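Accompanying notes for the structure given below.
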Amino acid sequence: WSEMAGKRGALIVLEGVDRAGKTTQCSKLVQALQQSGRPAEMMRFPDRTTTIGQLIGAYLENKSDLEDHTVHLLFSANRWEMVPLMKKKLEQGITLVVDRYAFSGVAFTSAKPGFRLDWCMQPDVGLPKPDLVMFLQLNPAEAALRGQFGQERYETSVFQRTVQQRFEQLMKDQTVNWQVIDAAQNIENVHKDITAHSLNAINKAQNLPLGELWS
Ligand code: ADP
Ligand code: 2DT
Ligand code: MG
């Protein structure tokens with residue numbers, strides 16, 4: 001990384017099961033970083049605004065059916081289509097705070113019968129590698145206190161339990177900087193933990209090249 005190019009931003013991902021607080025904490029983190037003078041922007045996957053994202057959105061809302069392999073590849077394509085923009089922003093020194101990434105992609109598809117973890121990982125090999133992935137850990141009983149499941153596909157307790165198991169398998173991968181966050185704490189305390197890990201990752205990433213995921 002050359003001095004001339006300046007300091008890059010960090011790629012920070014939040015993962016976790018339904019209602020763990022990902023979306024809440026992504027917004028709070030971006031706001032806190034911006035207020036402390038660090039350029040930061042939020043992104044989310046799936047990004048339902050693109051052409052591919054609209055196909056995914058209709059699928060999740062049960063307005064369309066797609067074959068399971070096909071929709072898996074669409075979720076991956078929805079990340080790849082954002083890669084040029086992500087790299088540009090990171091190079092400009094903007095930290096990206098991302099609500100779900102390839103780990104959700106693998107955890108959700110591999111929770112379906114007949115899908116191997118390695119097959120699910122393959123399309124996302126080589127994506128920009130997060131400098132930090134925080135897993136918001138929340139057990140199903142605590143999640144239930146935060147309200148009922150929504151109406152979208154995958155929002156059932158049986159499926160979410162399998163998704164949690166797949167995330168646990170993915171977290172054994174030492175090539176990824178996983179941090180488990182206790183998401184059962186109140187919003188402010190979760191935010192404090194997330195901010196501390198993020199500032200650390202931002203400082204370290206400044207002097208390191210962006211990596212490639214799973215390659
Ligand atoms: P996710 O994006 O992981 O599905 P959300 O951020 O949408 O989760 O949060 C789900 C619900 O739980 C929202 O109503 C939110 O206000 C609430 N919530 C988020 N974090 C907490 C927390 N730490 N304690 C209690 N309720 C929370
Ligand atoms: P939210 O928009 O509420 O986070 O729900 N998903 C997500 C996949 O199946 N594959 C993926 O690659 C990604 C990023 C998780 C989105 C739903 O889409 C699932 C829940
Ligand atoms: Mg959310």
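The values are calculated or read from the model by the stated rules, or taken from the named source; none is laboratory data. Treat the numbers as computed from the prediction; the structure is a model and nothing was measured. Glycine also receives a Cβ, built like all others from the backbone with ideal geometry; neighbour counts cover every protein chain displayed. Side chains are part of the model used for accessible areas, which takes the heavy atoms of the whole protein and leaves out ligands, DNA and RNA. Shrake-Rupley method; radii C 1.70, N 1.55, O 1.52, S 1.80 Å.
Numbers at a glance
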{"item": "Electrostatic dipole magnitude of the chain [Cβ: Lys, Arg +1; Asp, Glu -1; Cα centre; debye, to 20]", "result": "340 debye"}
{"item": "Separation in nanometres of the label points that stand 7 Å from Cα toward Cβ, at A77 and L199", "result": "4.3 nm"}
{"item": "Amide H contacts of L136 (H built 1.01 Å from N, under 5 Å, at least 5 apart or other chain)", "result": "E15, G16, I181"}
{"item": "Structure-based [θ]222 nm, the chain - -39500 (n - 2.57) summed over DSSP H runs of at least 4, per residue, nearest 500", "result": "-14000 deg cm²/dmol"}
{"item": "Cα gyration tensor shape for segment 18-132, rounded if a/c is under 1.5, else prolate or oblate", "result": "prolate"}
{"item": "Segment 72-131, accessible surface, carbon-and-sulfur percent (1.4 angstrom probe)", "result": "59 percent"}
{"item": "Span per principal axis, largest first, for the Cα atoms of the chain (Å)", "result": "49, 36, 32"}
{"item": "Inter-probe distance in nm under a simple model that places probes 7 Å from Cα toward Cβ, at T175 and K112", "result": "2.5 nm"}
{"item": "Label point 7 Å beyond Cα of R48 along Cβ direction - residues of segment 122-165 with amide nitrogen under 15 Å", "result": "150-155"}
